[in-house]
Amino acid sequence: MMTAFRRPARRLSPAPAQAGGARLPLLVLLACIALVAVAAVFIRTGPHPLLKPRLDPPQVARGDKPNLLVIMVDDLDQPMFDLLLDSGWLPHIRGELVDHGTRYANSYVSDPVCCPSRATYFTGQYVQNHGILSVTKGVAYWYLAAENREDRVLPVMLREAGYYTGHIGKYLNGYGMFSSKKHVPKGYDEWYGLVDPTTYDMVDYSVNRWKRRTDAASVDDFHADMRSGADYQTDKLGDWALEFLDGAEASGQPFYLTLKPVAPHIETVSFRDDPALGYRAVFRESIRPAPRHECLVRRFMPEFVAQAQPGDWCERALPDSMAFLGKKPSFNTLDPGKHPRLEQVLQKLTAEGGDLGALERQHQMRMASLLAVDDLVGRVVERLRADGVLDDTLIVFTSDNGYFHGEHGLNSKLLPYEESIRVPLVIRAPHQAQAVTLKDMALNNDLAPTLADYGGAHPLREDDAFDGRSLRPTLLAQAQPLGRQQFLIEHYIEATSMELAAELPIYKDLSETVTQFLGKLSGIEFGALGNLSYPAYKALRRQVDGENFLYVQWYSELSNRPQAMGGEWKTDFEELYDLDHDAFEQVNVAPLAIDGDDARLKGALARLRGDLEAFKGCKAQACRTAEDR
């Protein structure tokens, strides 16, 4: 058993709860001024010239190219997916996709959080190249910034290649808040976009619907009947998917559709803000499943009103969450040697304090919410079969990032550990009949180049070249290996106003309560982990025979702006995990590699440091070369 040692490092100063109290009024005033300035920029910008897509695509007949369908869920970690799949709770995903598709056993995302990951899907680029550095700079940046990116993404490429294109579900955080609610991104023929801040509400939500052939946008509010289940959000997305398929069939073109359910992401109506609980408040958050599945979690939600026995599934029980989670050595452990910020904030979860019961409820509710996603997959695939186009369709099922359920004492995502960066990826290729499992390291960076490869599309500008690579060679009968041996993980500081505050000299003396308050001024609340004041990092995940490492560099900078796009970062803390001997990433061996006499670890650390430098600022082929080293 390896022993954890602490490397002497310049630490973020943990502040007493009352630190900086006398300066709080000044800080709040400065933050408010910053927000007014940001709002003024938004107002001054006015309607964006890309309000309506304008493209004249070539005529391509249906059948000349494969249809492309991407189903991307939100916050689905690989362990939960495997648990539900293996226990028979996802029969449609199993029967229609896994049993007739290719499953990537080592599928990862290069930034484990919504907006940056989804922007990578649209562009095929690492975050450092597409520029969507955080959740709070999603639509706000993409839509309003001078360097607009909405005309440089996958749907635009595919529409120019002759596809009938559509989007249904979640877009980017801030859609409808930092843009017109009727804004339709360029490159679509049909658009059904969930409008923030209602995106994360399964019952009461707004959708902007637009069709090119009618050129009329309509923002409508929906209120699900929680007794009958009518208009439950996931089911409604399925209705619109069938409507889109009608339009695609009428067009006579091959189609490209991105279908993005919110489940199993927690709902905003469940967000908790309890200073007494601190970070543990995030375990109290949850998502309501479809009313027909409420019977499975009724003991956690006594206020449910749906009928008691809507189906025979009510006679079964979902997998035992605590038995499943409790098998992991990393569950509810506060590992020494991780970044000081984690040690400052995290607390042991207890049954007496209600933490473990809250976690069980959250895990069960998240699983139950995925059953409606499985139904959605079944409806859409059955429709493709009925239309006679299933064998002509490439279907991708994946998630934007993973999720923690108490591993290392954590909840949510953002961090570079396995539960957060590893995601399901199943691809059913046209005419594929048998199940295949591959060990190649696949990334969310690869989705755009794969779809473009199948669709005969390509980036429209040299600056928009893909960093990822097409997975198509791995899907052929004679599969070819990808060759990737490592990849970059990166995450940046959240919240525009928090970045501004971070540049103030008194920032490091702020208490956790003040940090969260400043985050709220931005309209963003991620729970008391302090994501809004969390340091930026870049990491390297290497996975080849004999070398299975995670290396993380944490940085001392308190703002993204000077360094994000290839500038020099100042390393504040390092972590190194040897997953061949520590599969659950509990022992940081960086201090051993630095101060000890283990030649293998010393060599690994030196190599990973050098390889990470090769990734900083890389683009296109340079990134792929760094991945293959």
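The table for this structure:
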quantity: Cut-off under 5 Å, modelled amide H: who pairs with Arg62 long-range; calculated: Gln253
quantity: Accessible-area ranking of His92, His431, largest first, probe 1.4 Å; calculated: His431, His92
quantity: Residues whose placed amide H lies under 5 Å from that of Ala442, excluding near-sequence neighbours; calculated: Asn106, Ser107, Tyr108
quantity: Where a label projected 7 Å from the Cα of Ser270 along Cα→Cβ would reach, residues of segment 351-389 with amide N under 12 Å; calculated: 358-370
quantity: Heavy-atom accessible area ranking, 1.4 Å probe, most first, across Asp246, Asp335; calculated: Asp246, Asp335
quantity: Per-bin percent of Cα-Cα distances, segment 280-414 [10 Å]; calculated: 10, 32, 29, 19, 8, 2
quantity: Packing-based ranking, highest mean first, of 339-348, 320-329, 466-475 given that Cβ atoms within 10 Å are counted; calculated: 466-475, 339-348, 320-329
quantity: For segment 470-485, Karplus couplings with θ = phi - 60° (6.51, -1.76, 1.60), whole Hz, Gly/Pro x; calculated: 5, 8, 4, x, 7, 9, 6, 4, 9, 4, 10, x, 6, x, 6, 10
quantity: Shape of segment 312-388, Cα gyration tensor, a/c cut at 1.5; calculated: prolate
quantity: Gyration tensor verdict on segment 415-487 (Cα atoms; rounded if a/c is under 1.5, prolate if a/b is larger than b/c, oblate otherwise); calculated: oblate
quantity: Per-residue ³J(HN,Hα) for segment 612-629, Karplus 6.51 cos²θ - 1.76 cosθ + 1.60, θ = phi - 60°, Hz, x for Gly and Pro; calculated: 5, 4, 5, 7, 5, x, 5, 9, 6, 4, 4, 5, 5, 5, 5, 5, 8, 5
quantity: Segment Val219-Asp99, extension gain: residue separation times 0.36 nm, minus the distance between their alpha carbons; calculated: 39.3 nm
quantity: Three-way shape call for segment 355-434 based on the alpha-carbon gyration tensor, with the a/c threshold at 1.5; calculated: oblate
quantity: Distance between modelled label sites at Glu613 and Gln347, nm, 7 Å Cα→Cβ extension; calculated: 4.3
quantity: Vicinal HN-Hα couplings computed from phi for segment 413-429 (Karplus, 6.51 cos²θ - 1.76 cosθ + 1.60; Hz; Gly/Pro x); calculated: 9, 6, 8, x, 8, 3, 4, 8, 9, 8, 9, x, 8, 10, 10, 9, 7
quantity: With DNA, RNA and ligands ignored, accessible area of Glu243 (1.4 Å probe; Å², nearest 10); calculated: 60
quantity: Radius, Kirkwood style, for segment 177-224 when every pair of distinct Cα atoms is counted (Å); calculated: 11.1
quantity: Positive dipole terminus of segment 305-394, leading residue within Thr393, Phe324, Ser369 (C-beta point charges); calculated: Phe324
quantity: Accessible area in the full protein assembly, largest first, 1.4 Å probe, for Lys260, Lys181; calculated: Lys181, Lys260
quantity: Nearest-10 value in Å² for the accessible area of Lys236, using the 1.4 Å probe; calculated: 40
quantity: 5 angstrom amide H check on Leu425, placed H, neighbours 5+ away; calculated: Tyr104
quantity: Packing-based order for 355-368, 586-599, using average beta carbon neighbours within 10 Å, highest first; calculated: 355-368, 586-599
quantity: Asp375 accessible area, 1.4 Å probe, all protein chains in place, Å² to nearest 10; calculated: 40
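The values are calculated or read from the model by the stated rules, or taken from the named source; none is laboratory data. In this text the structure is predicted, and so the values were computed from the model without any measurement. Heads up, the Cβs are rebuilt from the backbone with ideal geometry, glycines too, and the neighbour counts pull from every protein chain shown. For accessibility, only protein heavy atoms count, side chains too; no ligands or nucleic acids. Shrake-Rupley method; radii C 1.70, N 1.55, O 1.52, S 1.80 Å.
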